[in-house]
1. Helix-derived [θ] at 222 nm for the chain: sum -39500 (n - 2.57) over DSSP H runs of at least 4, divide by residue count, nearest 500?
2. Once R0 is set to 22 Å, what does the formula 1/(1 + (r/R0)^6) return for the Cβ-Cβ distance between A265 and W196, expressed as a FRET efficiency to the nearest 0.05?
3. For an R0 of 22 angstrom, estimate the FRET efficiency from the Cβ-Cβ distance between A81 and E129 and round to the nearest 0.05.
4. At what distance in angstrom do the alpha carbon centres of the range 156-188 and the range 1-63 lie from each other?
5. Quick one: what Rg and Dmax do you get for the chain from the alpha carbons, in Å?
6. Which order, highest average first, do 23-35, 256-268 follow once you tally other Cβ atoms within 10 Å for each residue and take the mean per peptide?
7. Could you state the number of Å between the C-alpha centres of the range 255-293 and the range 231-249?
8. Round to the nearest 0.05 the FRET efficiency obtained for S66 and H27 when R0 = 25 Å and r is the Cβ-Cβ distance.
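Values in this text are rule-based calculations from the coordinates and carry no lab data. Being a predicted model, the structure only gives us computed values, none of them experimental. Using ideal geometry, Cβ is built from the backbone for each residue, glycine included, and neighbour counts are taken over all protein chains shown.
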Amino acid sequence: MIITSRFRAMGTTIELILDADNDPVAHTALMEGRTSILDVEAALSRFDPASELSRLNREGFIAPASDVLFDALSLALDARADTNGRFDPSVGAAVIAAGYDRSFDELPALVQGRAACPSAQGMPAILDESDHSIRLAPGVRIDLGGIAKGLAAELVAEQLSSIGPCLVSAGGDIAIRGVPSSGHWPVSITTADSEWVVGLTDGGLATSGRDRRNWTTTTGAAHHVVDPRTGAPATTDVMRISVFAPTAVDAETLATALMIVGSDAAIAEADQRGYEAIVVTEDGRTLVTGGLS
């Protein structure tokens, strides 16, 4: 039986879907999953001044860091290396400079424009496993918005998997464990002119785009996907990209990195990595990797 829990957290809609007996064990697992999502939000939100990430950004050092913060930043730095800096958690100051200095729902109609702010050139943070400490390089501000939802989805999917097959969606960043009784998990993906429904049986899926979280500044239009190389919202013909990968974290970080390089390069790199991707361009085209064509 499919049991669902849906709620708001992390600035988006969270959906926990579990294929299991409709009993107290399953409902308790869903409640615990919700608590885990809220714990991730409490640790990694840059909009909450009381969050652990906000404290790290203010003080530049924290010890010991929670497992959530330590693991999230570790994964983000791994993704930074894997994408040659196109995904970079040190874009915190750049995202603020672009005008995204509060939750998206609270942004004013017109945001004050500010100069671009490139991310760190060297290693932005040192993580020490011996004492679970994190030290930021001078002037660095960390933004984990590009990995937090994928990490939360993976954590909760792993928890729920002990009860039965499950799908966790954090605003469209999806983690899957197990195959449901129907044979697959149906997921809808918006293309340039239609909706594709794909049947997933494992792995993760994430979508990154500039068609929803965008705003107007006194110096022009802006969106939340910052190019670390320029410190400004990415200039790209990609309006939206969906990436299928082994985990939601992989999908989320790669979607950001591929969006920045443009549609043709994004499809080519996804093919080279062996991942499937769907790209919607600003001129209304839908491009897909070889495995989906």
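1. That comes out to -9500 deg cm²/dmol.
2. 0.50
3. Efficiency computed from Cβ-Cβ geometry: 0.80.
4. That distance is 16 Å.
5. 18.8, 55
6. Averaged packing, sorted descending, gives the order 256-268, 23-35.
7. Answer, in whole Å: 9.
8. Here the calculated transfer efficiency is 0.40.
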